[in-house]
Amino acid sequence: MNMQKVKMIAQGRVQGVGFRWGVCSLALEIGGITGRVWNNDDGTVGILAQAESSSQMAKFIQEIRKGPTPFAHVTYLDVTLANFENYKDFKISN
């Protein structure tokens, strides 16, 4: 199966509001999504995500744009196709 792989950079109120935890929970909730999420020094959050299907990835991206936690507010989400190692889980990385 051909995995859908993307790199995302979320801007807005995305640090200090449980954003990374929310992204992990969202990946588990949707299912079939693995990857990593981390804070960047510039106040953005980076995400590497892979999904088994394009519909799973589309739902994941849509929910991140809405903000995965009540206090998060995404003002811009840059999504680009990416090529990275396969992950077996979804975790917060430093």
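The values are calculated or read from the model by the stated rules, or taken from the named source; none is laboratory data. Fair warning: this is a prediction, and the values are worked out from it, not measured in the lab. So basically every Cβ, Gly included, is an ideal-geometry build from the backbone, and we count neighbours across all protein chains shown. Please note that ligands, DNA and RNA were not included when accessible areas were found on the heavy atoms of the full protein model with its side chains. Shrake-Rupley method; radii C 1.70, N 1.55, O 1.52, S 1.80 Å.
What to note about this one:
- Considering residues of the stretch 81-94 that are outside any loop (DSSP other than H, G, I, E, B) and out of contact with any helix residue (DSSP H, G or I) (no Cβ under 6 Å at 6 or more places or on another chain) only, the residue nearest to GLY31 (Cα to Cα): LYS91
- GLN62 falls short of the stated requirement of being within 13 Å of the chain's Cα centre (by Cα), of a type outside the set (A, V, I, L, M), assigned to a strand (DSSP E or B) and on the phi < 0 side of the Ramachandran plot.
- Qualifying residue in the stretch 70-80 (condition: of a type in the set (Val, Ile, Thr), in contact (Cβ under 8 Å) with a residue 24 or more places away in the chain, in contact with a helix residue (DSSP H, G or I) (Cβ under 8 Å, 6 or more places away or on another chain) and open to solvent by less than 60 Å² (accessible area, probe 1.4 Å)): yes
- For the stretch 1-25, taking the residues that are out of contact with any strand residue (DSSP E or B) (no Cβ under 8 Å at 6 or more places or on another chain) and under 21 Å from ASN86 (Cβ atoms), the one that is most open to solvent (accessible area, probe 1.4 Å) is identified as MET1.
- Taken over the stretch 8-45, residues that are out of contact with any Asp or Glu (no Cβ under 8 Å at 6 or more places or on another chain), more than 12 Å from ILE64 (Cβ to Cβ) and not in a helix (DSSP H, G or I) amount to 14.
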